[in-house]
């Protein structure tokens, strides 16, 4: 069994969705998550606050510096993600297609390298 | 048959089978290369009765030895896979389905189109990186990098090694067709040395036949097979007695393979009845016109090229269409049609221009265009052909008295 990160790419320069759109979106993505659970593919899911709430903690010669904001100041930011488990990339891509259609955003599919207990 | 031809013929098939047995392309390639290294020492002048089976069995045994000494996760995984294989007969030969699996893995939609083709030419066609670079008009280092990266992605992203199900085929098929087309092309006018690499042509035809058996309801699969058959049918007439290139108009049509032409025409008729034209079916139809009757009906060819150009508006199609324009409307119109084409490094553009300029009597311009084409041509036979044409121009034209 492999694990994949399905990362939602959020365009923060776009106007925020209306309350109603936001609720519809949650309902659709929630349905995909429920489907993942019953298929035994679900590991984790979460939606993130926008990048204004981000802090980067950086090590430097044994001390720490902190900066306000995300790693990279680009308009595309990580908006949320699923972690799924399945046999191969084809299955992961099939889930990613459902996620992309449900949330209306691009999804980056990335395999895990290290899985605890594997 | 010597070791080199065995390598050419069996490398791709053996890697495909070993990939199924080991679950990893990199390990499979290493094992097959190891087995060929053993073959160099053991075979001497007498080949085993079934060289492919010998290579697969030896590669499998070498891989088992190798994996027993390794303790990485990949090695454990591969070993587990090997142990799970059902009891196979001692002499395991390459399996036909493995090649189809390998093609669909190499042409997976999550790989870039260029990576798909490079990988398939390397792993299925057994082409060297330099040959692939020419097929792409790309630098060798770029191609080598692309193949390496694609193999790593297949392994790390978990691209499965299987033939897609029916519902997936519409998405998964087009890249496979492109790749087979390119393999055939590389065989038909190979990168260097002799003009034709028969093995690659036959390999592409063989794989196209397998695909057509697997997907008889896909019109473009049938179109591709028809195109390859009708082109392959003319191969015996394409090289003259002293190895020189013979152009279509001057070919001895009695040398064409009638069986392949009949088969190709029948497939084109099937496509016409289906009436779902696509680029491969249109090219097949063009070649059906070329191989129908004692001479080509150029008006029909031009009409088909017009249709093809609407389907695939690429500079190469425009260049080929210009050849038909010259026959129907004359060389001046054809020259105007290719004037603004951008095909850097592609010798057939200046070669076509040179031919059109010759026909217009613009000798000095034609010679300059031939020089450009000769400098770009990498195939010896094609270069000789261009040099012969150029030499005819450099000499004063013989008058009627000398004929």
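The values are calculated or read from the model by the stated rules, or taken from the named source; none is laboratory data. Predicted model, so just to flag it, every value in this text is computed and none were measured. No Cβ is skipped: glycine too gets one built from the backbone with ideal geometry, and neighbour counts run over all protein chains shown.
Of note:
- Just one residue in the set B:13, B:8 is in a helix (DSSP H, G or I), surrounded by fewer than 20 Cβ atoms within 10 Å (Cβ to Cβ) and in contact with a helix residue (DSSP H, G or I) (Cβ under 8 Å, 6 or more places away or on another chain); that residue is B:8.
- Enumeration of residues in region B:339-355 that are part of a helix (DSSP H, G or I) and in contact with a helix residue (DSSP H, G or I) (Cβ under 7 Å, 6 or more places away or on another chain): B:348, B:349, B:350, B:351, B:352, B:353, B:354
- The lone exception for residue A:36 - which of (1) more than 14 Å from chain B (Cβ to nearest Cβ); (2) within 30 Å of residue B:72 (Cβ to Cβ); (3) not in a strand (DSSP E or B) it fails: (2)
- Tally, over region A:99-113, of residues that are within 16 Å of residue A:44 (Cα to Cα) and either surrounded by fewer than 19 Cβ atoms within 10 Å (Cβ to Cβ) or within 12 Å of chain B (Cβ to nearest Cβ) (or both): 5
- Tally, over region A:49-92, of residues that are within 14 Å of another protein chain (Cβ to nearest Cβ) and touching a strand residue (DSSP E or B) at 6+ places or on another chain (Cβ under 6 Å): 3
- Set A:48, A:26: member being surrounded by fewer than 16 Cβ atoms within 10 Å (Cβ to Cβ) and under 12 Å from the mean Cα position of the chain (by Cα): A:48
- Meets criteria (within 22 Å of residue B:320 (Cα to Cα) and in contact with a helix residue (DSSP H, G or I) (Cβ under 7 Å, 6 or more places away or on another chain)) for residue B:209: no
- Some residue of region A:13-22 being touching a strand residue (DSSP E or B) at 6+ places or on another chain (Cβ under 8 Å) and touching a residue at least 12 places away in the same chain (Cβ under 8 Å): no
- Evaluating residue B:164 against the criteria (1) at pLDDT below 70; (2) within 14 Å of chain A (Cβ to nearest Cβ); (3) not in a helix (DSSP H, G or I) leaves one unmet condition, (1).
- Residue B:154, sole failed condition from (1) within 14 Å of chain A (Cβ to nearest Cβ); (2) within 12 Å of the chain's Cα centre (by Cα): (2)
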